[in-house]
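Structure first, commentary second.
The values are calculated or read from the model by the stated rules, or taken from the named source; none is laboratory data. Quick caveat, the model's predicted, so the values are computed rather than measured. A quick note on method: Cβ atoms are made from the backbone with ideal geometry, for glycine too, and the neighbour counts reach across all protein chains shown. Protein only, heavy atoms only, side chains kept; ligands, DNA and RNA dropped before computing areas. Shrake-Rupley method; radii C 1.70, N 1.55, O 1.52, S 1.80 Å.
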Amino acid sequence: MRLDKFLTACTELTRSLAKRELKAGAVECDGEVIRDPGFQVGEETSVLWQGRRLSLIPTRYLMLHKPEAYLCSNVDEHYPSVLGLIDLPRADRLRIAGRLDVDTTGLVLLSEDGQWCHRITSPRRQCAKRYRAWLADPLVGDAEARFAEGVELHQDGLTQPAALVRVSDTEVLLTISEGKYHQVKRMFAALGNKVVRLHRESVGPVELDPALAPGQWRPLTEQEVTALG
């Protein structure tokens with residue numbers, strides 16, 4: 001790996017700042033000051049930056065209990081980003097595998113592993129997501145059959161079959177295998193109802209850890225990572 005890339009991977013430095021540090025002689029490799037950004041760093045290379053030993057951050061796989069009023073993207077002028085809840089170095093590098101709306105709570109998966117994230121979100125994989133939804137009005141008619149057949153969405157056509165389970169007249173569990181824009185809300189709107197609260201409980205075989213309060217996170221276990229990937 002190039003030394004300037006290694007520095008940005010291990011620190012908060014940008015590529016330009018890393019080159020500045022190299023030019024200033026602040027970086028040593030195996031006891032020798034290196035100023036060449038293209039110097040190749042191997043697995044056994046000892047790298048010091050301003051006397052601090054550096055090592056690559058291993059690929060991280062996390063689950064987060066997303067609270068309301070947080071964005072699954074970069075911070076904007078109205079809402080903070082969920083990445084601000086992850087108190088780890090270079091949390092800004094984490095990718096979100098399946099975003100939630102700002103007012104939706106529940107399970108969010110994050111990793112730097114882009115291929116792993118893609119496998120979760122790819123329509124071809126049809127990774128099931130289970131949501132708990134609270135509705136403005138009681139369900140009427142045979143909604144279970146309507147969802148099982150697919151629901152017609154304006155401009156998006158028919159959804160894939162979805163599994164609906166009634167908890168009460170106004171609380172349901174819905175499992176879908178797609179991720180269309182505002183899909184759950186739009187599916188109920190197509191039936192003349194409105195989702196007033198939405199919470200994602202699971203993605204694939206992985207359930208949101210009940211020990212996590214809103215805003216808390218934990219690393220995924222090796223079994224969870226493998227099951228999702």
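Do you know which of the residues in segment 26-40 that are aliphatic (A, V, I, L, M) and touching a residue at least 12 places away in the same chain (Cβ under 8 Å) is farthest from Leu88 (Cα to Cα)?
Ile34
Run Leu153 past the list (1) open to solvent by less than 50 Å² (accessible area, probe 1.4 Å); (2) touching a strand residue (DSSP E or B) at 6+ places or on another chain (Cβ under 9 Å) and report the number of the one that doesn't hold.
Single failed check for Leu153: (2).
Can you name the residue in segment 7-25 that is without any contact (Cβ under 8 Å) to a residue 24 or more places away in the chain and open to solvent by less than 10 Å² (accessible area, probe 1.4 Å) and is also farthest from the chain's Cα centre (by Cα) among such residues?
Only one residue tops the list, namely Leu22.
Do we find a residue being in contact with a His (Cβ under 8 Å, 6 or more places away or on another chain) and hydrophobic (A, V, I, L, M, F, W, C) anywhere in segment 172-182?
no
Are there any pairs, at least 6 apart or on different chains, whose C-beta atoms fall under 6 Å, with the first in segment 201-218 and closer than 24 Å to Leu174 by Cβ and the second open to solvent by 50 Å² or more (accessible area, probe 1.4 Å), and if so, which?
Glu201/Arg130; Glu201/Arg132; Ser202/Arg130; Pro205/Ala227
Could you tell me which of the residues Ala211, Ala162 is modelled with pLDDT of 95 or more, in contact with a helix residue (DSSP H, G or I) (Cβ under 7 Å, 6 or more places away or on another chain) and either hydrophobic (A, V, I, L, M, F, W, C) or over 20 Å from Leu109 (Cβ atoms) (or both)?
Result: Ala162 is the single residue among Ala211, Ala162 that is modelled with pLDDT of 95 or more, in contact with a helix residue (DSSP H, G or I) (Cβ under 7 Å, 6 or more places away or on another chain) and either hydrophobic (A, V, I, L, M, F, W, C) or over 20 Å from Leu109 (Cβ atoms) (or both).
Filter segment 178-229 down to residues that are surrounded by fewer than 18 Cβ atoms within 10 Å (Cβ to Cβ), aliphatic (A, V, I, L, M) and closer than 19 Å to Leu71 by Cα, then give me how many there are.
Residues meeting the conditions: 3.
Starting from segment 150-161, keep only residues that are under 12 Å from Leu191 (Cβ atoms), then list their pairs with residues that are not in a loop (DSSP other than H, G, I, E, B) whose Cβ atoms are within a distance under 6 Å, requiring at least 6 positions of separation or different chains.
Val151/Met187; Val151/Ala190; Glu152/Leu158; Leu153/Arg186
So Ser55 fits all but one of (1) surrounded by 14 or more Cβ atoms within 10 Å (Cβ to Cβ); (2) in contact (Cβ under 8 Å) with a residue 40 or more places away in the chain; what number is the exception?
All conditions are met except number (1).
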